[in-house]
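The block underneath contains the structure these notes are about, expressed in C-alpha cells.
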Amino acid sequence: MTARWTVVVPLLALVALALTWGSDPAPVVVVVVGIFLAGSVLAAVHHAEVVAHRVGEPFGSLVLAVAVTVIEVALIVTLMVSGGDETSTLARDTVFAAVMITCNGIVGISLLVAALRDGVASFNAEGTATALATVSTLATLCLVLPTFTTSAPGPEFSTAQLTFAAVASIALYGLFVFVQTIRHRDYFLPEGAGAEEHAAAPDDRTALISLGLLVLSLVAVVGLAKTESKPIEDGIDAAGLPHSAVGVVIALLVLLPETLAAVRAARRGLVQTSLNLGFGSAMASIGLTIPAIAVATIWLDGPLVLGLDSVQTVLLAITIVVGALTVLPGRATVQEAGVHLVLFLAFLFLAANP
C-alpha cells in the first residue's frame, strides 16, 4: 500500500509549483520550495521502487531513467526557447553534467556502498559493458564531434549533421532498449534478484497509482528545480562562480531520484540495478535530448553549441577508459569506486574553477 506521505507531498509540491512558477520568490518561500523539492525526490524514489518491483528488472530502472529524462528534456527546451543566445550551450552543459553525474557519481557511490557491504561489488559484465559502449558512442557522436567538424563555424553541427546525430541517437537508444528488455534481458538482471521475490509484488492498481504519482513527483522535482534556479544563480554569481555551474547544480537536483534509488539498490546488494540506473540515465539523457533539441531548432533562435571544450573532452575520455576498466571484469572493489568518485569530484571542482 502506498505510504500516505508519498501521495500528499507530490500534490502539495505541485501546488507550490503552481503558486511560484514564473515568480521571484522571497527567501522564506525559497526554503519552503526546497523542502517540497526534497520531499518530491524521496517520493519519486518510493514510487519508482514500487513500479520496479511490479514490472521487474530491467524495466523498473528503465521507467525511472526515461521518466526523469523526458521531463529534463522538456525543461531544457523550455529554457532554450525563452533564453535566446545566453542558452546556446545549455543543452551541451546539461547533457555533459548528466553523463558525469551518472557515469562517475552514481556508479562510484553505488560501487562504494556495495563494496563496503560485500567486500567486492559483483555485476553482469556483458550487460554493463553494452550500456557503457552505447553511452560512449552517443557522447562522442553528439558532444565531441561538433568541435572538430568544419561545415558550421565553431563547435556546432550543420543542419544535416545535427539531423544525422539525432536519428543515430534515437536508433542506438531504441536498439539498446530492445536488447535490454527483450533480446538479452538476462544480461541486465541483478545477481541478487532472487532475494526480491520474498516480498509480494504490488497489485496492478497499486503499481498504476505509483506510476502516476512517479510522473507527478518528477514534474514537481524538475519544476521546483527551475523555480530554485534563479536563487541558485544569484548565489553562484555572488560567490563569483562561472554561470555554467548553475546547470550543474540543477542537474544534480534533477538526478537526485535516480541517485537515491541506485544507492538503495546497492545497499540491498543489487549492484546491476544501480548500474542500469546510472548508465541508462546517461544514455537516455543523450539519446532523447539531442533529437528533441534537433526538432526544437526549427523555432529556436541563435547558435546551438554542442561541442565540448578541451577540459570537458579530457574528462569524458578518461571517464570512458576508467568505466571500461571497471565494468569488463564484472567485479569492482572500493578502489574502482574511489577512482570514479574522484573523477566526479574533479568534474565538480573544474565546473566551479574552469
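The values are calculated or read from the model by the stated rules, or taken from the named source; none is laboratory data. Note that the structure is predicted; figures quoted are calculated from it, not measured. Here the Cβ is made from the backbone with ideal geometry for all residues, glycine too, and neighbour counts use every protein chain on show.
Values as computed for the structure displayed
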item: Which listed residue, of Leu141, Leu216, Leu172, is without any contact (Cβ under 8 Å) to a residue 40 or more places away in the chain, of a type outside the set (Val, Ile, Thr) and part of a helix (DSSP H, G or I); result: Leu141
item: Single match in Ala324, Ala337, Ala352, Ala332 (criterion: of a type in the set (Gly, Ala, Ser) and out of contact with any Leu (no Cβ under 6 Å at 6 or more places or on another chain)); result: Ala324
item: Filter result for the condition that a residue is modelled with pLDDT of 85 or more and in contact with a helix residue (DSSP H, G or I) (Cβ under 9 Å, 6 or more places away or on another chain), over Ala74, Ala114; result: Ala114
item: Residues that are among the β-branched types (Val, Ile, Thr) and buried (at least 18 other Cβ atoms within 10 Å of the Cβ), drawn from the range 98-143; result: Val99, Ile101, Thr102, Ile106, Val107, Ile109, Val113, Thr128, Thr130, Thr134, Val135
item: Options Ala317, Ala265, Ala332: the member that is more than 18 Å from Leu90 (Cβ to Cβ), free of Cβ contacts under 8 Å to residues at least 60 places away in the same chain and of a type in the set (Gly, Ala, Ser); result: Ala317
item: Conditions (1) of a type in the set (A, V, I, L, M); (2) modelled with pLDDT under 80; (3) buried (at least 19 other Cβ atoms within 10 Å of the Cβ); number of the one not met by Val55; result: (3)
item: Matching residues in the range 227-246 - criterion: being in a helix (DSSP H, G or I) and modelled with pLDDT under 75; result: Ser229, Lys230, Ile232, Glu233, Val246
item: Residue that is surrounded by the fewest Cβ atoms within 10 Å (Cβ to Cβ), among those in the range 302-318 that are at negative phi and small (Gly, Ala, Ser); result: Ser310
item: Qualifying residue in the range 155-169 (condition: outside any helix (DSSP H, G or I) and more than 20 Å from Val73 (Cα to Cα)); result: yes
item: Residue list for the range 161-189, filter: surrounded by 14 or more Cβ atoms within 10 Å (Cβ to Cβ), of a type in the set (A, V, I, L, M, F, W, C) and either at pLDDT below 90 or over 28 Å from Gly302 (Cα atoms) (or both); result: Leu172, Phe176, Val177, Val179, Phe188, Leu189
item: Out of Ala284, Ala317, sole residue that is outside any loop (DSSP other than H, G, I, E, B), closer than 16 Å to Ile101 by Cα, out of contact with any helix residue (DSSP H, G or I) (no Cβ under 7 Å at 6 or more places or on another chain) and not hydroxyl-bearing (Ser, Thr, Tyr); result: Ala317
item: Val321, sole failed condition from (1) at pLDDT below 95; (2) surrounded by fewer than 17 Cβ atoms within 10 Å (Cβ to Cβ); result: (1)
item: Residue list for the range 343-354, filter: surrounded by fewer than 18 Cβ atoms within 10 Å (Cβ to Cβ), in contact (Cβ under 8 Å) with a residue 12 or more places away in the chain and within 19 Å of the chain's Cα centre (by Cα); result: Ala346
item: Matching residues, the range 283-303, being touching a residue at least 40 places away in the same chain (Cβ under 8 Å), among the hydrophobic types (A, V, I, L, M, F, W, C) and over 21 Å from Val179 (Cα atoms); result: Ile290, Ala292, Ile293, Ala294, Val295, Ala296, Trp299, Leu300
item: Residues within the range 228-287 that are under 29 Å from Ala166 (Cβ atoms) and either hydroxyl-bearing (Ser, Thr, Tyr) or touching a Gly at 6+ places or on another chain (Cβ under 7 Å) (or both), tallied; result: 6
item: Yes/no for Ala337 being of a type in the set (A, V, I, L, M), in contact with a helix residue (DSSP H, G or I) (Cβ under 9 Å, 6 or more places away or on another chain), in a helix (DSSP H, G or I) and over 21 Å from Ala139 (Cα atoms); result: yes
item: Among residues of the range 268-292, those that are more than 18 Å from Ala91 (Cα to Cα) and of a type outside the set (Gly, Ala, Ser), counted; result: 9
item: Residues within the range 144-160 that are of a type outside the set (A, V, I, L, M, F, W, C) and buried (at least 18 other Cβ atoms within 10 Å of the Cβ), tallied; result: 3
